[in-house]
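I have placed the structure first, in the form of structure tokens, so that the comments after it can refer back to it.
Derivation of every value follows stated rules applied to the coordinates shown; laboratory data play no part. Predicted model, so just to flag it, every value in this text is computed and none were measured. No Cβ is skipped: glycine too gets one built from the backbone with ideal geometry, and neighbour counts run over all protein chains shown.
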Amino acid sequence: MDDQVPISLVCEDLLPRDLRAELCIAGIAVDGGQQLVRFRIDPGGAFQRGGFVRSESGARFLVGVTERYLPDGPRQRVGGSDGVPAGDVPDQLRAASGWAYTWDRDRDHWRDARAAESPRWAGSSRDITWAARAAEDRARHQHITHYVYLRSGKFVYGNNPPPDGAFFSVTKIGDWSLHQGRETYPLNTAPDTGSAANLTSQRQLGPARLARLDQAAAEGVVLPFRTHDVPRRAAPPSTQRRHR
Amino acid sequence: MTDDRVPIEMIRDLLLPEPLRTELGVTGITITSRHSLTCRIDPGNAFERRASIRNIIDTAFAVLVSERYGPYDPIGYLCGSNQVPAAEVSFQLQAASGWACIFDEDREHWYDARKHRSPAWSTSLRAGKLASAAEAVEGAAERARRLNVTHFMYTEPGALVYGNNPPSPGTDFYSVTRDGDWSLHQGVATYPQADAPDARSFARLPGRSASRSQMHPARLARADRGAGGQVIAFQPRTGTPASRATAPRRRR
């Protein structure tokens, strides 16, 4: 008997609003078979990180996180869990996202680890929409991530990011992101006139960034074999096991 | 390429800290290889549940839970996580144990779901002597191993009985699998045992149901869970507990 629930029916429960804000979830896509939902999440120091939730039999779910560390690097599985009840999916997604941070903490930021594309190529336009479309087309045709940024009143699009300042990126499959300093924000759509303001804005963007700053302020990352201190460990088990 | 993995024996107490062992009724911790261990945990409504922790690569672990629902069933994989950092292993084991409880909650207790073993076989020894207790334990374990069938031990007035079917409801009893794993069954609760029972254990058996204050912590935990209401499969957590659970994970 197939007791799988169409995943679009429970998407709001699997990816509740507060989780979407916290993990900066964007580009939610449900597959035709209604068993899998994919999306992008806050990638930390990596270029791109994705999450997925797959419906298994018996109201259980497979939750996983994948990562593309460099703009055109391979996609790799970072971690995940299976046999997860629906009510625990958001927490497991948070956990897997946290593990991804842990595994990447000793790696260079993707901008430092990335090799420059050669030969360099760039074009420009005064129209952000036009520049975004041109970057997207070239990224798709050349299979290389392209970047869009503002220089001297023009929107530059090319195969290398600017040395400083905020910029957009688009992958060969049309995934857009906004990069501000070391932060990367997955975007649902290509940038337009409104979002272009983010290229010059210095203000913080939202809960995801706040969460990350909060995390950074909490005495760095833990060593692999350091246990949580007792007060912190005391709370999670009760929430894990008493949520029915 | 070098293998950076630490022998799991050295970090056993980190992976399975004492409070966790108490909460989940962890027993029979066995180092199965340099980088993996298994143990038995509180099985909930199932007959037997096992956890396995494997150091896959570097400091990344897999945490797996498997279960034997009925005493004569094979062990099957239930749920688990991979690429888990060492410091999160105990947390994930708690979570996976909780998931297993959730999935079994709507199933009958193993005692009610099991099929009666036929032909039924049992033998009894006169109780009250140390020799007879040891003899019964040995006999049950030997038959379980030789016949590949879980056996059960219980007391009747003046006698120790072991056979291939458990006693009638309301009687506490021990069980031993073909692998020699012993459990104590009191009412609906099952307690994995590290060792085979001895004469003193049998002396305590006739008690039908312990009071709450006498309960093992694992049983208390289960009772607490039971008081939490029914499973609602797609009920999301409220914001408060979720954020409490998240904070320690992301602030490493």
> Exactly which chymotrypsin sites (Phe, Trp or Tyr not before Pro) in segment B:58-136 are in a DSSP loop and have at most 14 other Cβ atoms within 10 Å?
Replying inline: B:121
>> Along the charge dipole of segment A:7-109, pointing to its positive end and built from +1/-1 on Cβ of Lys, Arg, Asp and Glu, which listed residue (A:23, A:46, A:83) has its Cα farthest out?
In response: A:46
> Quick one: Karplus J couplings for segment B:134-142, per residue in order, coefficients 6.51, -1.76, 1.60, θ = phi - 60°, nearest Hz, x for Gly and Pro?
Replying inline: 5, 5, 5, 4, 5, x, 5, 5, 5
> If the label point is 7 Å along Cα→Cβ of residue A:29, which residues in segment A:162-187 have backbone nitrogen under 19 Å from it?
Replying inline: A:169-178, A:185-187
> Sequence-distant or interchain residues sharing an amide H contact under 5 Å with residue A:172, placed H: which?
Replying inline: A:145
> Where the centre of each part is set by its Cα atoms, how far does segment B:165-186 sit from segment A:1-66, in angstrom?
Replying inline: 42
> Using 7 Å Cα-to-Cβ label points, what is the residue B:72/residue B:38 separation (nm, one decimal)?
Replying inline: 2.2
> Taking a label point 7 Å from the Cα of residue A:115 along the Cα→Cβ vector, which residues of segment A:64-94 have an amide N closer than 15 Å to it?
Replying inline: A:70-74
> What is the average number of partner chain Cβ atoms found within 10 Å of a Cβ in B:55-61?
Replying inline: 2
> Can you pull the mean other chain C-beta count within 10 Å for peptide B:35-44?
Replying inline: 0
> Which whole number gives the average count of other chain Cβ atoms within 10 Å of the Cβ atoms across peptide A:13-22?
Replying inline: 3
>> Spelling out what I want: for every residue of segment B:64-75, take phi, set θ = phi - 60°, compute 6.51 cos²θ - 1.76 cosθ + 1.60 (Karplus), and round to whole Hz; glycine and proline get x.
In response: 10, 10, 10, 8, 10, 6, x, x, 9, 7, x, 7
